[in-house]
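Let me begin by presenting the structure, written as structure tokens, before commenting on it.
The values are calculated or read from the model by the stated rules, or taken from the named source; none is laboratory data. Just so you know, these numbers come straight off a predicted model, no measurement behind them. When we count neighbours, we look across all protein chains shown, and the Cβ atoms used for this are built from the backbone with ideal geometry, even at glycine.
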Amino acid sequence: MDGLSEIIRKYALKNAVEHGSARDSAVIAKAISIDPSLKNDMKGLAVEVSAIVKEVNALDKEALGAAYAEYKDEFEKEHSEKAVKSSSHNFTIEDAVEGAFKTRFAPEPSGYMHIGHAKAVFIEEELAKKYKGTVSLYFDDTNPSKERQEFVDSIRKDAKWLGASFSEEYYASDNMEYEYKCAEKLIKGGNAYVCFCNAEMIGEKRSAGERCGHRAQTEDANLNFWKNMIKGEYSEGQASLRFKGDMKALNTVMRDPVLFRIKKDTHYRQGNRYAAWPSYDFNTPIMDSIKGITHAARSKEYELRDELYYSILDLLGMRKPRIIEFSRLEIANNITSKRQTNALIEEGKVSGYEDPRLVTITALRKRGIRPQAIREFVLRSGLGRAESVSSMENLLSYNRKVIDNESKRLFFVREPVKLEVSGAADTVVKLRLHPTEGIGSREYRCGSGYYIDYDDAGSLEEGSMVRLKGAFNIEITGVEDNLVRAEYKGTEKADARIIQWVSADSYIESSLTVIRDLLRGEDFNEGSMMKIRGYAESYASTLKDNETVQFERIGFFKFDSKDKTFFSL
């Protein structure tokens, strides 16, 4: 076998083991990725791939497993090297000092943790590991109208499930008195003023680069107004504390941004103790400074706010951490926005934060995505700043590599059609649960009655030879709307089409929940979750909750005992 033939055969075997059967297109793509010059003779490549794929797909499970075993160590080494490269790529910071590195994971408890948060926490862990430092869990909780203990608890739970660990846990809302003192210092230094414009007016003047008249108030007036703010004497929207920046600045963030606003909602942690609450822009640099953070990691979307971050610390005379920025993680045809997620929940289009179509961590867990797959997926770009949009299929590809060796292979027939086989002896068929892993087998006593997939039944012709996978050969003698008749033709391997089946005496009615893209463009995809009903072989009734399987020729699924369905992976 020449070098090209071996490459084709090797990856055809891998494709067949991972997906139930090999596909020409997948093997061609892999061959070209290894040797791009093959594109010069696509016709010849296609002919050779087609022949080898046909040969591989004709192998029974035992033969396929034996053939794949020859390359198994090579594939595992290749996968391991990719994982190491992914998890160690571009995690270098020029000024970081080994042993003196401290960063923080800083979620706002206003919703559930999503895959974008996972990228942040894994990047921070990689940096802390490299520089022998620590990661703190910091709850940025200064918006009482949106934050809840439920979200704090869910973030803790999801971070733990991902495998994250923290050196300490602290809350912004526990430091309000200190932040009030910092605000007063800015006012006394002539660097902040109380504004009585409404939000719309503030927005218009900032956009136009026009100064607010309240900016000219005296220090004493501003201090008096500020004391009234913290006493709760103003209603929501009536007053705010603003940074005295530059209303002509090209960076619009510096055009007198709001530092404190009035919020009268009961805070989940502080109750009604406070009425004036700091904005993210004021709260973040101060908390990072006083908590000893050396490197504050956040996504690139905040880069225009860096100037304000450092300006506040300079004016307060406080220690300045180094900001590290990385590209935001976007998933094509899905959302990470809390506002959009909440809107879909309120409209009843998704069932909640756990809905398996979402990319919240709790939803990914419910669907069957593993922490290791999430880690490899989100770290693949390291600290790169280039914006890119990834896809759920990429994440699922990582996940399939994680679950492949432990996922049992089972049969499932969609829209079942009865198959009657004449001349078949009552016999016991033994089927392996995995083509290469020694995880056992299952047995079925088979007679004359079976069910096969509707699509398979519709393509059968009288006189054609077919092999019931792992069992025996049959010759089709008649095809009706809901019945196929056939004659038993022995167990010896034959050059015949292979189809799945379940015994008419041993099956369970099941449903597969297939997850598609949540969105089509900007609109909700009404077909984002669909049910496929059919018969699974009876072994499926022994599966444990959250166990993963591969229904051959269909795909990987996770069994959910609560919802009594299999979620697609």
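Structure values in brief
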| item | result |
| --- | --- |
| Counted residues, the range 508-546 - those being under 14 Å from ARG414 (Cβ atoms) and of a type outside the set (A, V, I, L, M, F, W, C) | 9 |
| Condition broken by LEU259, with the remaining ones in (1) without any contact (Cβ under 8 Å) to a residue 60 or more places away in the chain; (2) in contact with a Leu (Cβ under 9 Å, 6 or more places away or on another chain); (3) not charged (D, E, K, R) satisfied | (1) |
| Output for the range 323-350, where each listed residue is crowded, with 17+ Cβ neighbours inside 10 Å and either farther than 30 Å from ASP95 by Cα or under 18 Å from the mean Cα position of the chain (by Cα) (or both) | PHE326, SER327, ARG328, LEU329, ILE331, ASN334, ILE335, THR336, LYS338, THR341, LEU344, VAL350 |
| Index of the failed condition, LEU431 passing every other in (1) within 30 Å of ARG156 (Cβ to Cβ); (2) in a strand (DSSP E or B) | (1) |
| Candidate set from the range 312-344 (those that are part of a loop (DSSP other than H, G, I, E, B) and of a type in the set (A, V, I, L, M, F, W, C)); member that is farthest from GLY384 (Cα to Cα) | MET318 |
| Restricting the range 351-395 to residues that are of a type in the set (Gly, Ala, Ser), surrounded by fewer than 17 Cβ atoms within 10 Å (Cβ to Cβ) and part of a loop (DSSP other than H, G, I, E, B), the residue that is modelled with the lowest pLDDT | ALA386 |
| Within the range 190-303, helices (runs of 4 or more DSSP H) holding 3 or more residues that are of a type in the set (Asp, Glu) | none |
| Test for GLU98: is it modelled with pLDDT of 95 or more, under 21 Å from LYS291 (Cβ atoms), assigned to a loop (DSSP other than H, G, I, E, B) and of a type in the set (D, E, K, R) | no |
| Spans of strands (runs of 3 or more DSSP E) in the range 476-569 with at least 1 residues under 30 Å from ILE335 (Cβ atoms) and modelled with pLDDT of 95 or more | 507-515, 529-537, 548-551, 555-560, 565-568 |
| Lone unmet requirement of (1) over 21 Å from ALA494 (Cα atoms); (2) at pLDDT 85 or above for ILE52 | (1) |
| Residue satisfying all of: in the range 281-322; buried (at least 16 other Cβ atoms within 10 Å of the Cβ) and aromatic (Phe, Trp, Tyr); modelled with the lowest pLDDT among these | TYR302 |
| Residues of the range 309-339 that turn out to be in contact with a helix residue (DSSP H, G or I) (Cβ under 7 Å, 6 or more places away or on another chain) and within 14 Å of ASP288 (Cα to Cα), as a count | 9 |
| One residue from SER351, SER448, SER407 being in contact (Cβ under 8 Å) with a residue 24 or more places away in the chain and more than 25 Å from SER21 (Cα to Cα) | SER448 |
| Residue that is nearest to ILE262 (Cα to Cα), among those in the range 190-236 that are within 41 Å of the chain's Cα centre (by Cα) and of a type in the set (A, V, I, L, M, F, W, C) | ALA199 |
